[in-house]
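Everything on this sheet refers to the single structure shown next.
The values are calculated or read from the model by the stated rules, or taken from the named source; none is laboratory data. Just so we're clear, the structure is a prediction, and the values are computed from it rather than from any experiment. Neighbour counts are summed over all protein chains in view; Cβ atoms, including those assigned to glycine, are modelled from backbone coordinates with ideal geometry.
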Amino acid sequence: MEVVIVPSAEDGGRLVGGAIADLLTGNPAAVLGLATGSTPLPLYDDLVRRHTEDGLSFAKATGFALDEYVGLPDNHPESYRAVIKREIADRVDFQPSSVHGPDGWSSDIKAASIAYDDAIAAAGGIDLQILGVGTDGHIGFNEPISSLASPTRIKTLTDQTREDNARFFDDDLSQVPTHVLTQGVGTILRARHLVLLAWGANKAEAIRATVEGPVTSMIPSTALQLHPHATIVCDEAAASELANAAHYKWTYEHKPAWQGL
Ligand code: GLP
């Protein structure tokens, strides 16, 4: 695991944007794992800038969203299908047919779950998976006690996550769905590079546990410790509970340039 502590979310967005640009330059048909929430927005802004100013193209790339609510109306603006389209896919030149998400509207959720993992595998797997983290350490929507080997499947949200996400639903908890379809922790661990972003003091405890705590399904983000190429990019506030922050900074400052992110 590598921890990169950046001065601001914008700096983090630029750093990871550069890594994605390098990936797409080397392989224009790369497969990206896309995340929702407020955390990836500075990264998406950076990718849009690289697209408009530098000509970075997503035309041959494929995107897979991490998760989706179950039970929202088809055209709901806060469905993750709509969010991914609005925040990144429509702002660059992704082919609409190349951006996928779990089908939270399926009448057969179990079959839709299996089909989603199959589609990721058929695309050759995810090259770089963008992740945020919930305050309880969830990744995607893998809430505490998610199996660390889990496939894409239905999950029930905790009260904490529903309260955290109520801001996207007019601060009305009753509008926040109780169920979701999410890439499993096992699905996420199959991506070739995991990049988890975190900004702000309300993520400090989750980041401490992810980096320095024991691996436990009670905090699904700790599964990143099992991955051979996991990068945590966080700001100073999110890094504020890390015991060894000074060492991570020194390590990154002295990293051989050829290693990339
Ligand atoms: C949701 C998403 C996660 C995201 C988390 C954090 O629960 N399913 O993928 O990481 O929210 O959200 P935010 O980035 O807004 O803090």
*From ALA65, ALA115, ALA61, grab the single residue that is within 12 Å of the ligand (Cβ to nearest atom) and modelled with pLDDT of 95 or more.*
ALA65
*Residue in segment 30-44 that is within 16 Å of the ligand (Cβ to nearest atom), surrounded by 21 or more Cβ atoms within 10 Å (Cβ to Cβ), small (Gly, Ala, Ser) and under 20 Å from ARG167 (Cα atoms) present*: yes
_Restricting to segment 145-163, name every residue that is of a type outside the set (Ser, Thr, Tyr), within 15 Å of MET218 (Cα to Cα) and in contact with a helix residue (DSSP H, G or I) (Cβ under 7 Å, 6 or more places away or on another chain)._
LEU148, ALA149
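Scanning for something over 18 Å from the mean Cα position of the chain (by Cα), within 11 Å of the ligand (Cβ to nearest atom) and surrounded by 15 or more Cβ atoms within 10 Å (Cβ to Cβ), does segment 136-143 turn up at least one residue?
no
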*Can you tell me how many residues in segment 76-92 are small (Gly, Ala, Ser) and out of contact with any Phe, Trp or Tyr (no Cβ under 9 Å at 6 or more places or on another chain)?*
1
_Can you pull out every residue in segment 227-261 that is in contact with a strand residue (DSSP E or B) (Cβ under 6 Å, 6 or more places away or on another chain) and hydroxyl-bearing (Ser, Thr, Tyr)?_
THR231, TYR248, TYR252
*Can you name the residue in segment 164-189 that is free of Cβ contacts under 8 Å to residues at least 12 places away in the same chain and not charged (D, E, K, R) and is also nearest to ALA223 (Cα to Cα) among such residues?*
ASN165
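So, restricting to strands (runs of 3 or more DSSP E) that lie completely within segment 52-131, which ones have at least 1 residues that are in contact (Cβ under 8 Å) with a residue 60 or more places away in the chain and among the aromatic types (Phe, Trp, Tyr)? Break it down stepwise before answering.
On the way: elements: 62-65, 67-70, 128-131.
Qualifying strands (runs of 3 or more DSSP E): 62-65, 67-70.
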